[in-house]
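Quick notes on the structure that follows.
The values are calculated or read from the model by the stated rules, or taken from the named source; none is laboratory data. These numbers were taken from a predicted model, which means no experiment stands behind them. So basically every Cβ, Gly included, is an ideal-geometry build from the backbone, and we count neighbours across all protein chains shown. The protein model used for the area step is the full one, side chains on, heavy atoms only, and it has no ligands, DNA or RNA in it. Shrake-Rupley method; radii C 1.70, N 1.55, O 1.52, S 1.80 Å.
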Amino acid sequence: MFDLTGRVAVVTGGNGGIGLGMAIGLADAGASIVVAARNPDKSAEAVSTIEKRGGQAMAVATDVADKVAVDAMMAATLGQFGRLDILVNNAGVDAGGGAADITPDEWALVLAVNITGAHYCCQAAYPAMRAGGSGKIINIGSMMSLFGHGFAPAYAASKGAIVQYTKAIACGWAADNIQANAVLPGWIDTDLTRGLRDAVPELDGMVVSRTPAGVWGQPADLAGIAVFLASSASDFVTGAAIPVDGGYAAQG
Ligand code: NDP
């Protein structure tokens, strides 16, 4: 039920953090992986990590905010593997301060990568999934899909939007046997949060005490949900937003 042998997965931002954690899980379950991110050195390292475990992967340099680049990445995927079964929209950034201070460029960047980029990838993936008779789309939200934070208005707006977008395509493409779901990670130890942890000394204590599991999540903690949502085990699951958060969202 969880076997992904013969399937092909595009993972945006798959060269580090949560994206690499999910890519490794999908590869271990048998899928071939396309690592779609900007930094070629990091992507080459991710491909090598997957290959050393016995998996198959290739990197395609991609800025998801650039529709031309996204379409080229999808063409390269189909050129190499001839099919696309799984799309993980994981690429994400945060920028700027509170709503009173965030600049137009910071606002535009966060929305362009986190929501518009995900849409470009879904749009580019749809024809191949429809032609193949099935598809699995996994969009990465956040606890900020559920809660707000004064320091991240653009990020929270983008992560709220990705959940509604996921519901829209889940409804729109269900008849094509395409399932679309969102994963809402809690606090996960990655480059993104390491920077924040350095800048905000009290963050570590806040995360550990606010998370019922009492620890930060690791990228590998996202592998299981990726395999579930990419496999036939989830064929009747669509339009859902699933927290993977050590209980963070459950605690009042
Ligand atoms: P990282 O900063 O470790 O990874 C972000 C990834 O996105 C990198 O691989 C980066 O690669 C890629 N990326 C950034 N911009 C672009 C772009 N324009 N086009 C293509 N790829 C891009 O962060 P995380 O692993 O922590 O975050 C991954 C996702 O999980 C994000 O969507 C984030 O919002 C979400 N998330 C993270 C949480 C956490 O606690 N860590 C909690 C909740 C959600 P490159 O620079 O090479 O392009």
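Give me the residue from segment 128-142 that is touching a Gly at 6+ places or on another chain (Cβ under 9 Å) and away from the ligand (no atom under 15 Å from the Cβ) and, out of that set, least open to solvent (accessible area, probe 1.4 Å).
At the first step, the residues of segment 128-142 found to be touching a Gly at 6+ places or on another chain (Cβ under 9 Å) are 128-129, 140-142.
From the residues that got through so far, the ones that are away from the ligand (no atom under 15 Å from the Cβ) too are 128-129.
On the way: 128: 22, 129: 1 Å².
Going through the qualifying residues, I end up with 129.
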Fill in: Every residue from segment 1-30 that is part of a strand (DSSP E or B) and among the aromatic types (Phe, Trp, Tyr)
none
Worksheet item: What is the one condition in (1) in contact with a Lys or Arg (Cβ under 9 Å, 6 or more places away or on another chain); (2) open to solvent by 40 Å² or more (accessible area, probe 1.4 Å) that residue 145 does not satisfy?
Response: (2)
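Which one is farthest from residue 90 (Cα to Cα) among residues in segment 19-29 that are open to solvent by 30 Å² or more (accessible area, probe 1.4 Å) and not acidic (Asp, Glu)?
To start, the set of residues in segment 19-29 that are open to solvent by 30 Å² or more (accessible area, probe 1.4 Å) comprises 20, 24, 28.
Checking which are not acidic (Asp, Glu) leaves us with 20, 24.
Details: 20: 10, 24: 14 Å.
Only one residue fits best here, namely 24.
Restricting to segment 106-127, give me the number of residues that are of a type in the set (A, V, I, L, M, F, W, C) and surrounded by fewer than 20 Cβ atoms within 10 Å (Cβ to Cβ). Spell out how you get there, then give the answer.
Our first condition is that a residue be of a type in the set (A, V, I, L, M, F, W, C); within segment 106-127, this holds for 107-113, 115, 118, 121-122, 124-125.
Add one more test, that the residue is surrounded by fewer than 20 Cβ atoms within 10 Å (Cβ to Cβ), and what stays is 107-109, 111-112.
Looking only at that region, the number is 5.
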Practice prompt. Mind listing just one residue for me: the one in segment 183-212 that is aliphatic (A, V, I, L, M) and more than 9 Å from the ligand (Cβ to nearest atom) and, of those, nearest to residue 245 (Cα to Cα)?
Written response: 208
